[in-house]
Each structure stands twice: as structure tokens, then as C-alpha cells.
Amino acid sequence: MVAARYLPPWFSVAPMMEWTDNHYRTLARLISKHAWLYTEMLAAETIVFQKGNLDRFLAYTPEQHPIVLQIGGSNLENLAKATELANAYSYDEINFNCGCPSPRVAGHGCFGVRLMLDPKESLLLKQCQLLLPTQVFRLVLSAVLVLTITIHIMSSVILYIRFLRNHQLGISSYMRGRHCSMALAQLIIEKIPPLKYEYYYALLRDFPDLRFTINGGINGVNEVNAARGEGAHGVMVGRAAYHNPWNTLGHVDTAVYGVPPTNLTRRQVLEKYQAYGESELRKYGLKPNVRDVIRPLFWSFPLGAWKWLVEAQS
């Protein structure tokens, strides 16, 4: 469930594989205290089959709250088991990926957008029915619902929403305002297709009792506030939050939430992050190494990152 002790998810950092890891989230939280942070997507099988090593994949510091775990997969039994195992880590939400167009996801094991290929026999609806009894926190079953160029998948989205309404489940949906084609997924990701925000706002009108967060092509807090001014319940930002965390996350607390900033300077953020990084090195055998830990710094703190890397290797 959305924890009452935190401000609403008006701004969230999108789950990005190999990007929104523990290191990035630690840096992001130093810059913004109120942005909602997502893990990178974890396959349900990773959680289930690493049962004796879960801290490596699921542990995080308390400072990262509010935080959301995203799980992906299509095996109903493994999804249910993964949800139960993850509940022990007290994530504020558990988010189910049913829309990732990446070929690493959509083409393997019926992950991501493939879950909605057949509106009549949607695996997504079956997963909803199985997973609902397993939840301790509210399980947010729709992660980044990708609008696609096929009417079949769009129909499946509508069936899914009707299912949630029929079961009287308060649910949050994350709509990515881009077309998606699995056959062209990599090309689409690289070249960025046109946005279809009108689909998102149509859902707001058609399903006023549900909450939807928009994702795609939003690059700063001014655009976030503009979307919210148009009625968006929440806004999810991806690349801009990773590639330019200081100038994006640095304004979230004041401009989006209207609360005082952290007042940390870049130097202070870097010093705190360095202390964190040094405590994390080699925590799990050879990982994480220095390159793993400093990767998030290269965008906002390139000189500090290089200095740390050189000192570590000298």
C-alpha cells in the first residue's frame, strides 16, 4: 500500500534495468527526500531461486523510502512466491511489470508487453486473480502499461481495468504514452516513437475512480507540474532523472511537493555518497566494484567520479 507516512507519488523515478540499482537510488535520495524511487525490474525467478541470497537483490537502506520493487515474469507460481518473499523487505509497493517492450523482456518467457497480446486469454488477468490473495502490501499490478499499435493489446488494457474495477481493488496504473511494437522494440527504444498523451488523458476521463501515472518524454519538473495541472495523478520520469539527477531531482522537493530542499551542496552529496560507496565495495564477493558504485556519479559529478576511480586503482 502507499504508505500514509510519505507524501503521494506525484513524482517517481521510473524503473530502468541496470540503472536504478541500489547505488543510483542512494544517490537520488541524497538529492531528493520525497521522490518515489523504483528498483530496476527483478525477474520473479531471480527472487525465487536466490532465496538464500536475497539481500543481494532486495536489501536497501531505510533512507530509500518511499521505494517500490518492480517484479517481472509470467510464471504464476513464481510470481506469487516472489511477492511473498519480497514482502519481508517492507517495500512501500510491489509493482508488476506488464508492459516493458525491451527485447530482453518481451521476447523471453512472455514477459512485459506480451502479457496483453490476447485480450480474451490475457495472462495478465490470470496473474491478477492468483496474486491478489498473496499480498501483504497493496500489489500494484500494472507497471508502465505500454500503449501499442495493435488494437488487441489496447483492448486487453481495457479488460484488465474492468477486472480491477469488478473486484473493487484500489489500484494505481502507470501508463507509458508511447506506441510499442515487440518486433521493433529495440528500434523504438533507440529512436523514441511519438507520444500519445491523449490516450492517457482519455483513460482519466473514462475511469475517474482509478489512479493513473503518466510516463514517457517528460524531462523536468516544469513538465511534471504541467502534466499534473492537466489532471495527471502522478508523473514518472526516466532518463532525465538518471542522466541529470542534480537538475531534475534537485528541484522535486520544492517545485513538486512544496517542501524545503535538502540544502546539501554537490560537495556534501558527493562526500556522503563516497562514504556509502566505500561501505559497499566487495560486499558480495567481487561485487560491487568501484566502477559499479561510481557509475551514477558520471552524469552529475564526473570529476569526482574519475578522481575516486583513479585513487581506488592507484
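Selection over region 267-289 of residues that are among the charged types (D, E, K, R), part of a helix (DSSP H, G or I) and open to solvent by 40 Å² or more (accessible area, probe 1.4 Å) gives a count of 4. Taken over region 20-59, the criterion of being in a loop (DSSP other than H, G, I, E, B), farther than 25 Å from Thr254 by Cβ and under 15 Å from the mean Cα position of the chain (by Cα) is satisfied by Asp21, Thr39, Glu40, Met41. Which residues, counting only those in region 71-115, are modelled with pLDDT under 80 and part of a strand (DSSP E or B)? Of everything in region 71-115, those that are modelled with pLDDT under 80 and part of a strand (DSSP E or B) turn out to be Phe96, Asn97. Could you check, for region 44-66, whether at least one of its residues is without any contact (Cβ under 8 Å) to a residue 24 or more places away in the chain, of a type in the set (D, E, K, R) and within 23 Å of Ile294 (Cβ to Cβ)? Yes.
Within region 221-266, if we keep just the residues that are in contact with a His (Cβ under 7 Å, 6 or more places away or on another chain) and open to solvent by less than 10 Å² (accessible area, probe 1.4 Å), the residue that is farthest from Tyr201 (Cα to Cα) turns out to be Asp253. Tell me which residues, restricted to region 290-299, are open to solvent by less than 70 Å² (accessible area, probe 1.4 Å) and either assigned to a loop (DSSP other than H, G, I, E, B) or assigned by the TED database to the domain that holds Thr20 (or both). Across region 290-299, the qualifying residue is only Pro296.
The values are calculated or read from the model by the stated rules, or taken from the named source; none is laboratory data. Note that this is a predicted model, so its numbers are computed, not measured. All Cβ positions, even for glycine, are placed from backbone atoms using ideal geometry, and neighbour counts span all protein chains on display. Ligands, DNA and RNA are stripped out before the accessible areas are found, and what is left, the full protein with its side chains, is counted by its heavy atoms. Shrake-Rupley method; radii C 1.70, N 1.55, O 1.52, S 1.80 Å.
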